[in-house]
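Take this structure, written in structure tokens, and hold onto it; I'll ask about it next.
The values are calculated or read from the model by the stated rules, or taken from the named source; none is laboratory data. Keep in mind the model is a prediction, meaning the values are calculated, not measured. Please note: Cβ atoms are built from the backbone with ideal geometry, for glycine as well, and neighbour counts cover all protein chains shown.
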Amino acid sequence: MISYFLRRLLGSIPLLLGILTLIFFIINIAPGDPTARYFNPNISPEVIAQMRTNLGLDQPIHIRYFKWLGSFAQGDFGYSFGQLRPISEILPTVLWNTLQLMIVAVVMIFILGMLIGIVQAVRQYSVVDNVLTFFALFFYSMPSFWLALMLILIFSLKASQWGWPIQFPASQMTSVGYEFFSTGERITDRFMHMILPALALGVGGAAGIARYMRGSMLEVIHQDYIRTARAKGLSERIVIFKHALRNALIPIVTLLGLYLPILLSGSVLVETIFAWPGMGRLIVDAIFQRDYPLVMATSFIAAGLVVVGNLVADVLYAVVDPRIRTE
Amino acid sequence: MVHSSGDVEFAVPEPVSAPLPAAGVVTRAPVTPAQYILSALLPGSAQIARGEWVGGMLLAFSWAIMLSVTFLARGRIAGVFTAGRMPIDGLVAVVTLVLSLVTIWGWAMYDLKVRARRPRRRFGDSQWTIAARQFRRNKLAIAGLVVMIVLYLMTLLTPLLAPYDPTAQGDIVLTRYLSPSFQHLMGTDKFGRDIFSRVLYGARISLSIGFIAVGLGVVLGALIGSVAGYFGKWTDTVLMRFTDMMLSFPRVILLIVIIALFEPTIWLVVTVLGLTGWMSVARIVRGEVLTLREREFVQAAKVLGMSDARIIWRHIIPNTLAPVIVYATLGIGNTILVEASLSFLGLGVQPPTPSWGNMINDGRDSLITAWWISTFPGLAIVLTVVAFNLLGDGLRDALDPRLRT
């Protein structure tokens, strides 16, 4: 088990290196460089040239590449031109904000998706199954940013217009006066802010998981040991949730790795719409501000998160399915 | 079967199966001249008269729809020919209209003349005929196919269908933020532009981008996957590691980084969407090729001295097509979603050219006063993607029962 994990861990090092290389060359092949944001009739060309020398931009590309790799390896992500502070200072809070959102979304995706899938599989070809299949397809085909806007429209804007008892905030992570809240109020406040973005981010994924879960559950349910369990006289609940679910879960675990890049992509849009101060929004801001070091650092972190997520999914897969480990 | 003897009553005798009809002889009633005349007057009516309801109704309906489009757009069709400079998209639309009318009419006649006489084939199936039969049974997939065909027809016919010019700004006081009505089916936006016309024109952009980008991705993926799988060894390692690397990037993040660094034009968006959409195809094709490589017909081709390029192109790629077609169909829907997200962020199709994504973005500021601006383009996206997903699922079930989830 440990050796399996170590092998996977070692295997991901060249992957990360390749990702770094790709990011570096995409950014350096593109026209324009970090000093472009200072082009201005009031700044003389000498100052720009001096700036380029200071930043090391006048050196040949391969030297810059290795220097950049070296500083990344030491955990030095450079200095953000847009926010005028070191990137390693910006990243932790932003990353934590995104992770909060993603963890809530992932938990929601899996619980909701699995429940729907189980219901569909147990009642195969019934009205419930068909209706749920239709809705799953509908939500699966929906752009997350549009869903986000519709959620804001209905549960935030129209809800306050119509005076609904429950209204959700349409943007930001915290309400005004968050600093003066007690701990309990803070948690509910954060939760209220999180519900709409997490829904927008996760509903499509939940629909996808439900489809997989239905298929995987159907495959298991028709096997002999389930019939044996029923023949023993076990209650249907135990048969489904204890015997069938365990085996049906195995393929679902690998989906965690599959959904991580999709979630990160979605978070770019959802965070932009909900003004959630996370990674996705940071990347968009950095790109529009031509803040090259920040773009490089954030896109690397995003890709790195996916690699780590895949690693976790692989390990989880080995935990739930002992057949994998012995390979 | 185990029959318990004794007190059980006499076992029900096995039903004697009627002799199967001999292969390929299900004769149909001959076509009368009256039916030919009926069909020439109204395509599909002869089929209905012969009792072939489904085909006849479909033909009659599509004929009716096309004729009514021609009738409603008659002013504009004339306009295409009388305009000083002949507008190219108007011409394309007219040609499409004429072609589809001729096709429907011709198909109805062909159906009567040839297919009705030809005895229905019962036996002797290739992989594709089995798949086609499976597919035809799946009503949802057929619905997806119909919606897809209608959508593509609409993109070609847009200049004749759209009630207003999609970029024409109306009177700033009188026609802005009008709610949906019979004049403006989906309302107007803050510049007084008709949303319905813009949704129709946006369909062109979204559908063509989806189609071209997926085509590019599929070709690239099939190439990389087959080369990796066929040659194996270090070629395989290098290419598949590269694929893994590309898969590790969240797609939207990679796209916005590349597009924002260059100038966002439609062609750049299409190219980059294609270049970031090949990885899954490469993996699927590689997996198929790995098993195909060991099969006898490939070994035989090698022994016969065929070149690697020929073996890959003529013998291996055709056999990997089934899963690739499925992926491509599902991929078009997904690509339309991604393109919409890019346009939404302002990195895809640039205004004033309408695309579903940037129209949704237009409506963001006035969500509460004018909900229709964002809602209808979004519904258009959902409808399109649902159609492609239904079609893709149907194709998957038909082409490869193993893949069924």
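Exactly one of these conditions fails for A:R323: (1) farther than 29 Å from A:M1 by Cβ; (2) in a helix (DSSP H, G or I). Give me its number.
Answer for A:R323: the failing condition is (1).
Name the pairs: first residue in region A:151-163 and more than 9 Å from chain B (Cβ to nearest Cβ) and touching a residue at least 12 places away in the same chain (Cβ under 8 Å), second residue part of a helix (DSSP H, G or I) and surrounded by 15 or more Cβ atoms within 10 Å (Cβ to Cβ), Cβ to Cβ under 8 Å, at least 6 apart or on different chains?
A:L151/A:L196; A:L151/A:L199; A:L151/A:A200; A:F155/A:L196; A:S156/A:L196
Go through (1) exposed (fewer than 14 other Cβ atoms within 10 Å of the Cβ); (2) within 14 Å of another protein chain (Cβ to nearest Cβ); (3) in a helix (DSSP H, G or I) and name the single condition A:L137 misses.
Here A:L137 clears every test but (1).
I'd like the full set of residues that are of a type in the set (A, V, I, L, M) and either more than 7 Å from chain A (Cβ to nearest Cβ) or in contact (Cβ under 8 Å) with a residue 24 or more places away in the chain (or both), limited to region B:241-257. Reasoning before the result, please.
Here is the first cut: in region B:241-257, the ones of a type in the set (A, V, I, L, M) are B:245-247, B:252-257.
B:M246, B:L247, B:V252, B:L254, B:L255, B:I256, listed by residue number.
Next question. Name every residue in region A:159-193 that is surrounded by 14 or more Cβ atoms within 10 Å (Cβ to Cβ) and in a loop (DSSP other than H, G, I, E, B), in order of residue number.
If the condition is that a residue be surrounded by 14 or more Cβ atoms within 10 Å (Cβ to Cβ) and in a loop (DSSP other than H, G, I, E, B), then A:Q167, A:F168, A:P169, A:A170, A:M173, A:T174, A:S175, A:F181 are the ones that fit.
Just one of (1) within 24 Å of the chain's Cα centre (by Cα); (2) touching a residue at least 24 places away in the same chain (Cβ under 8 Å) trips up A:L99, so point out which.
(2)
Which pairs have Cβ atoms under 6 Å, sit 6 or more apart or on different chains, and link a residue in region A:1-24 that is on the phi > 0 side of the Ramachandran plot to one that is among the acidic types (D, E)?
Note: no pairs meet the criteria.
May I pose another question? Taking the criterion of being away from every other protein chain (no Cβ under 14 Å), surrounded by fewer than 19 Cβ atoms within 10 Å (Cβ to Cβ) and either touching a Cys at 6+ places or on another chain (Cβ under 8 Å) or within 23 Å of B:L239 (Cα to Cα) (or both), would at least one residue in region B:328-337 satisfy it? So that I can check it myself, show each step before the final result.
Step one: filter region B:328-337 for residues away from every other protein chain (no Cβ under 14 Å), giving B:328.
Imposing the further condition that a residue be surrounded by fewer than 19 Cβ atoms within 10 Å (Cβ to Cβ) reduces the set to none.
Scanning region B:328-337 turns up no residue that is away from every other protein chain (no Cβ under 14 Å), surrounded by fewer than 19 Cβ atoms within 10 Å (Cβ to Cβ) and either touching a Cys at 6+ places or on another chain (Cβ under 8 Å) or within 23 Å of B:L239 (Cα to Cα) (or both).
Next question, about the same structure. All but one of (1) within 12 Å of chain B (Cβ to nearest Cβ); (2) in a helix (DSSP H, G or I); (3) in contact with a helix residue (DSSP H, G or I) (Cβ under 7 Å, 6 or more places away or on another chain) hold for A:R290; state the number of the condition that does not hold.
(2)
While we're here: Listed residues B:I316, B:I336, B:I332, B:I368; which is of a type in the set (A, V, I, L, M, F, W, C) and without any contact (Cβ under 8 Å) to a residue 24 or more places away in the chain?
Working: B:I316 fails: without any contact (Cβ under 8 Å) to a residue 24 or more places away in the chain; B:I336 fails: without any contact (Cβ under 8 Å) to a residue 24 or more places away in the chain; B:I332 fails: without any contact (Cβ under 8 Å) to a residue 24 or more places away in the chain.
Step by step, each of B:I316, B:I336, B:I332, B:I368 is checked, and only B:I368 is of a type in the set (A, V, I, L, M, F, W, C) and without any contact (Cβ under 8 Å) to a residue 24 or more places away in the chain.
Evaluate the following for A:V270: is it in contact with a Phe, Trp or Tyr (Cβ under 6 Å, 6 or more places away or on another chain), more than 10 Å from chain B (Cβ to nearest Cβ) and more than 19 Å from A:P92 (Cβ to Cβ)?
On the way: in contact with a Phe, Trp or Tyr (Cβ under 6 Å, 6 or more places away or on another chain): no; more than 10 Å from chain B (Cβ to nearest Cβ): yes; more than 19 Å from A:P92 (Cβ to Cβ): yes.
Here the answer is no, as A:V270 does not meet what is asked.
For B:R50, indicate whether it is of a type in the set (D, E, K, R), closer than 22 Å to B:R136 by Cβ and at pLDDT 75 or above. Give the steps one after another, and end with the answer.
Details: of a type in the set (D, E, K, R): yes; closer than 22 Å to B:R136 by Cβ: yes; at pLDDT 75 or above: yes.
Against the criterion (of a type in the set (D, E, K, R), closer than 22 Å to B:R136 by Cβ and at pLDDT 75 or above), B:R50 qualifies.
Now a separate question. If you scan region B:345-371, which residues turn out to be assigned to a helix (DSSP H, G or I) and either farther than 30 Å from B:A141 by Cα or within 11 Å of chain A (Cβ to nearest Cβ) (or both)? Break it down into steps so the answer makes sense when it comes.
To start, the set of residues in region B:345-371 that are assigned to a helix (DSSP H, G or I) comprises B:356-362.
B:W356, B:G357, B:M359, B:I360, B:N361, B:D362, listed by residue number.
Oh, and also: For region B:368-379, check the following and say yes or no: at least one residue is within 17 Å of A:Y140 (Cβ to Cβ) and modelled with pLDDT of 90 or more.
Going through region B:368-379, the residues within 17 Å of A:Y140 (Cβ to Cβ) turn out to be B:378-379.
Pick out the ones that are also modelled with pLDDT of 90 or more and you get B:378-379.
Yes, there is a match, as at least one residue in region B:368-379 is within 17 Å of A:Y140 (Cβ to Cβ) and modelled with pLDDT of 90 or more.
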